[in-house]
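Here is the structure we will look at.
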Amino acid sequence: MKRLEKIYEGKAKIIYSTDNPDLLIQYFKDDATAFNGVKKGTIVDKGVVNNQISSRIFKYLEEKGISTHFVDQPTDREMVVKKLEIVPVEVVMRNVVAGSLAKRTGIAEGTPLKQPIIEFYYKNDPLGDPMINEYHIAAFGWAAPREMEEIKSLGSRINEALSEFFRERKIRLVDFKLEFGRHKGKILLGDEISPDGCRLWDWETGEKMDKDRFRFDLGSVEEKYRQVYRLVCQD
Ligand code: ADP
Ligand code: UDP
């Protein structure tokens, strides 16, 4: 399979077409952004680390019967994926209060939730990804109601599987963002699952091991990403 032209460059990845019209290549960059692109920087080797972590997690989810876009990881920074028609909705799963939920409710970061929360955000950078609900998604035709039922069910199953996966590695999965898309009539999990889009706290110490270290200048960013890489990929 051959990498052809760049078809999209985002904040963290470049998407290339390939000689197979059903497949794309995601190229993972070291660029990091936060606060809707206002803070910009580089996390050395983030692309390499996030590609390995994501690939490992997609394979794990496939083993659990969850269909993802993952096909292969041919190089350090490249992932071959099934081409999706992305649903323009970011799906956030939460187990513990943090980030925008703490801000919005005034409830202290770290408060465990009685049950997981699913939130939806309209994937639109210029608008700053506003929060939406299923009525907006149906009314604007971003996804059909039966697709949303599938997305919610997949989101819950992914949350259960990943919470266990990280717990076994002494990491608390606080919250994370998912993207889904359509491929040959089926909803598949797309994009990436890495410390860029998850909140991961050390189970014992509560220390943050994710992009919050970059967002809030907590230091040791590369070290913590690499620690997650070791815990996730070297078992
Ligand atoms: P952003 O667009 O938010 O800056 P990235 O830099 O991560 O994000 O770019 C990756 C882009 O590729 C995202 O817009 C994502 O929705 C899209 N994408 C992820 N997986 C697939 C896929 N399998 N098929 C098509 N597009 C995808
Ligand atoms: N998230 C993400 N991309 C976004 C917004 C959020 O990956 O555009 C992730 C974020 O890393 C966290 C979770 O989704 O793990 C919930 O984020 P939150 O709503 O608290 O927003 P934040 O305060 O992080 O912007």
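The values are calculated or read from the model by the stated rules, or taken from the named source; none is laboratory data. Keep in mind it's a predicted model, so treat the numbers as computed, not measured. Neighbour counts run over all protein chains shown; Cβ positions are idealised from the backbone, glycine included. Protein only, heavy atoms only, side chains kept; ligands, DNA and RNA dropped before computing areas. Shrake-Rupley method; radii C 1.70, N 1.55, O 1.52, S 1.80 Å.
Looking only at residues that are among the charged types (D, E, K, R) and open to solvent by less than 30 Å² (accessible area, probe 1.4 Å) in segment 172-190, which one is nearest to the chain's Cα centre (by Cα)?
Keep residues of segment 172-190 that are among the charged types (D, E, K, R), which gives 172, 175, 177, 179, 182, 184, 186.
Next, from what is left, pick out any that are open to solvent by less than 30 Å² (accessible area, probe 1.4 Å): 175, 179.
Details: D175: 10, E179: 7 Å.
Per the stated criteria, the residue is E179.
Residue check: Y229 meets all listed conditions (1) within 14 Å of ligand 1 (Cβ to nearest atom); (2) of a type outside the set (D, E, K, R); (3) part of a helix (DSSP H, G or I); (4) under 20 Å from G47 (Cβ atoms) but one, namely (1).
For every residue, the table says whether it meets (1) over 20 Å from D175 (Cα atoms); (2) within 14 Å of ligand 2 (Cβ to nearest atom).
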position: A34; (1), (2): no, yes
position: K39; (1), (2): yes, yes
position: L84; (1), (2): yes, no
position: M93; (1), (2): no, yes
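Selection of first residues in segment 144-167 that are free of Cβ contacts under 8 Å to residues at least 40 places away in the same chain and of second residues that are assigned to a helix (DSSP H, G or I), restricted to Cβ pairs under 7 Å at least 6 apart or on distinct chains, gives the following pairs, ordered by first then second residue: P145/A138; M148/E134; M148/I137.
Of the residues in segment 8-26, at least one is within 14 Å of ligand 2 (Cβ to nearest atom) and closer than 14 Å to I193 by Cβ.
Among the residues making up segment 138-160, those that are open to solvent by 10 Å² or more (accessible area, probe 1.4 Å) and either in contact with a helix residue (DSSP H, G or I) (Cβ under 8 Å, 6 or more places away or on another chain) or at pLDDT below 95 (or both) are A138, W142, A144, P145. The numbered conditions (1) outside any loop (DSSP other than H, G, I, E, B); (2) touching an Asp or Glu at 6+ places or on another chain (Cβ under 8 Å); (3) among the charged types (D, E, K, R) are all true for E223 except (2). Among the residues of segment 67-100, just one is away from ligand 1 (no atom under 15 Å from the Cβ), surrounded by 15 or more Cβ atoms within 10 Å (Cβ to Cβ) and without any contact (Cβ under 8 Å) to a residue 60 or more places away in the chain, namely V97.
Only one of K6, K103 is open to solvent by 20 Å² or more (accessible area, probe 1.4 Å), at pLDDT 95 or above, in a strand (DSSP E or B) and among the basic types (K, R); which?
Just a single option satisfies the conditions, and that option is K6.
Would you check if L61 is more than 11 Å from ligand 2 (Cβ to nearest atom) and in contact with a strand residue (DSSP E or B) (Cβ under 6 Å, 6 or more places away or on another chain)?
The answer is yes for L61.
Evaluation of M1 against the conditions (1) outside any strand (DSSP E or B); (2) farther than 22 Å from G219 by Cβ; (3) open to solvent by less than 20 Å² (accessible area, probe 1.4 Å); (4) aliphatic (A, V, I, L, M) shows that the sole unmet condition is (3). Scanning segment 22-51 for residues that are away from ligand 1 (no atom under 12 Å from the Cβ), open to solvent by 60 Å² or more (accessible area, probe 1.4 Å) and outside any strand (DSSP E or B) turns up F35, V38, V44, D45. Of all the criteria given as (1) within 16 Å of the chain's Cα centre (by Cα); (2) of a type in the set (D, E, K, R); (3) closer than 18 Å to L61 by Cα, the one not satisfied by R199 is (3). Selection of segment 9-56 for residues being over 18 Å from the mean Cα position of the chain (by Cα) and either over 18 Å from R213 (Cα atoms) or hydroxyl-bearing (S, T, Y) (or both) yields Y16, S17, T18, D19, N20, P21, D22, L23, T42. So which residues in segment 52-66 are open to solvent by less than 30 Å² (accessible area, probe 1.4 Å) and closer than 17 Å to G197 by Cα? If the condition is that a residue be open to solvent by less than 30 Å² (accessible area, probe 1.4 Å) and closer than 17 Å to G197 by Cα, then I53, S54, S55, I57, F58, L61 are the ones that fit.
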